[in-house]
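The values are calculated or read from the model by the stated rules, or taken from the named source; none is laboratory data. Computed from a predicted structure; not experimentally measured. Glycine gets a Cβ as well: all are built from the backbone with ideal geometry, and neighbour counts include every protein chain shown. Just the protein is used for accessible areas: all its heavy atoms, side chains included, with ligands, DNA and RNA removed. Shrake-Rupley method; radii C 1.70, N 1.55, O 1.52, S 1.80 Å.
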Amino acid sequence: MSLEILLDGASLALLLAGAVFFAAGTLGLLRFPDVYCGLHALAKADTLGLGLTIAALLLQADSVTGALKLGLIWALAVTASATIANLFAALARRRDVPVWRRAPVWRKEQ
Amino acid sequence: MEASLLLDATLAALIAWTAWQSVTSREVFRAVVLFIVFGLMLALAWLRLGAPNVALAEAAVGAGLTGVLFLETLGHLRRRKTVEPPEPAAARALRRWGVGAAVMIAGGLLAVLALGLDHGGAVGVGPRILDQQDETGMGNAVTSVLLDFRGFDTLLEVVVVLLAVVGAYGMAPHGPAMRPPGVPREPRQPLLRWFVHRLAPVGLLVGGYLWWIGGEAPGGAFQAAAVFGAVYALLRVTGQESAPPPQGVAMRLLIVAGTAAFLLLGLSMLAAGRAFLDWPAAAAHGLIVALEAVLAASLGACLMTLVAGVPRHESEAP
């Protein structure tokens, strides 16, 4: 198999994986029970999706400079999303947004 | 249906949907966030149309900086406790669907007209511009159009930004009890300071890179100025003392410098016996690069001034 087909196939697989993680992150943001869990979904799953997408693009990069620029974009996105998630959580704490606790499981009377 | 057509159709539908939601939303914060998303979708659409320069400008200015200005205004409104009267459900449905239907009908008519236009086999100006690009010495056709062939339009754009700054200050109340704008807020969180400490130099570097690369690749003065304005907005939010308040003679000179330099260069061409804003082919490259530098700095100063806001009364919170 030629190198190009291999690279394209790997890029496609990485892109699909990235799309899956993005979808999972969005689903988590919509369906998790409170703000703090939703921020986990955004900061972790979306960042991993972005990392996989950038890895796919790195395989297709034309030059080292292009690859370095992609890496810089990824580093900036990771730092920004982590900081923003922290700031949002701090804001929610200041506004006394209640933290979701798992509902108690009632033991059956013996 | 091939994949790119599907992608374009989805993008067009998303653009229309976010625009509709943003315009008809009662919560202002929701409207602003949807407006920012709409700007990003538009940038994607420009990319699909093969216009990376416009996409950069749309993302930086339309979505980024305008979004920041909207959010600051929203914060100001919230502190003054502006309250919207409640709206009955029937009136709300009528308003939203009425606006949506009207826009869809108008947009549909426009699309039908545009697609049915017969341009008689004309190819447009593109090939001619590419042929004559050697006159300008620029590798980027868009920059040569913006700053050489259609320099007059760019001059008017720069004047518009200057007028925006003058207009914003003109509408502000003035008097002895006014506090000058741009007073930094108190830093609230150490993480934010840490982040901005590291991001601001990178942001300045990105802005400088966008200005420099504008000659050969998508970029240019407006995009660089938008990035500088964004860096300033970040610095203000964290209360860094390094955010210069847009007062003082130096700042005002910088704000006017873009328009002044553009006009002076154009008039000097007149004095040299050429047409207004008609650069000679030998000196065009140097002139355009120098002009872009002054424009980037000046437009950055204008956008910083808009981000910092206007003088406020002492009793109001910053």
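A few remarks follow.
- The GNM of chain B, with springs linking C-alpha atoms under 10 angstrom apart, assigns the highest mean-square fluctuation among B:ALA297, B:ALA226, B:ALA106 to B:ALA106.
- For region B:120-128, the Karplus equation 6.51 cos²θ - 1.76 cosθ + 1.60, evaluated at θ = phi - 60°, returns couplings of x, x, 6, 9, x, 8, x, x, 4 Hz by residue, with Gly and Pro reported as x.
- Amide H contacts of B:GLY239 (H built 1.01 Å from N, under 5 Å, at least 5 apart or other chain): B:ARG185
- Along chain B, longest interval not containing exposed GluC sites (Glu not before Pro), exposed being DSSP loop plus at most 12 other Cβ atoms within 10 Å: B:28-215
- For chain B, the mean residue ellipticity at 222 nm estimated from helices alone is -22500 deg cm²/dmol, where every DSSP H run of n ≥ 4 contributes -39500 (n - 2.57) and the total is divided by all residues, rounded to the nearest 500.
- Paramagnetic label zone (point 7 Å from Cα along Cα-to-C-beta, B:LEU156; backbone N under 17 Å) in region B:270-312: B:276-278
- Cα-centred dipole magnitude for region B:1-137, charges only on beta-carbon of K, R (+1) and D, E (-1), debye, nearest 20: 1020 debye
- Mean residue ellipticity (222 nm) of chain A, computed from DSSP H runs ≥ 4 via -39,500 (n - 2.57), nearest 500: -24500 deg cm²/dmol
- The B-A contact accounts for roughly 800 square angstrom of buried accessible surface, both chains included, probe 1.4 angstrom.
- The Cα atoms of chain B give a gyration tensor whose axes a ≥ b ≥ c have a/c of 1.5 or more with a/b no greater than b/c, which makes the shape oblate.
- Charge dipole (Cα centre; +1 on Lys/Arg Cβ, -1 on Asp/Glu Cβ; no other charges) of chain B amounts to roughly 1440 debye.
- P(r) of region A:1-73 over all Cα-Cα pairs, binned every 10 Å from zero, in whole percent: 22, 37, 26, 12, 3
- For region B:1-157, alpha-carbon Rg over 2.2 N^0.38 Å: 1.35
- Ranked order, B:MET41, B:MET138 - accessible area, probe 1.4 Å, largest first: B:MET41, B:MET138
- Rounded to the nearest whole Hz, the Karplus-based 3J(HN,Hα) values (6.51 cos²θ - 1.76 cosθ + 1.60, θ = phi - 60°) of region A:55-66 follow the sequence 4, 4, 6, 4, 5, 9, 5, 7, 8, 5, 4, x, with x at glycine and proline.
- Over region B:186-300 - Rg/Rh using Cα atoms and the Kirkwood inverse-distance radius: 1.10
- Rh (Kirkwood; distinct C-alpha pairs) - the protein assembly as shown, Å: 25.2 Å
- For region B:1-53, the Kirkwood estimate of the hydrodynamic radius, built from every pair of different alpha carbons, is 11.7 Å.
- Percent carbon-and-sulfur accessible area, chain A, ignoring ligands, DNA and RNA, probe 1.4 Å: 70 percent
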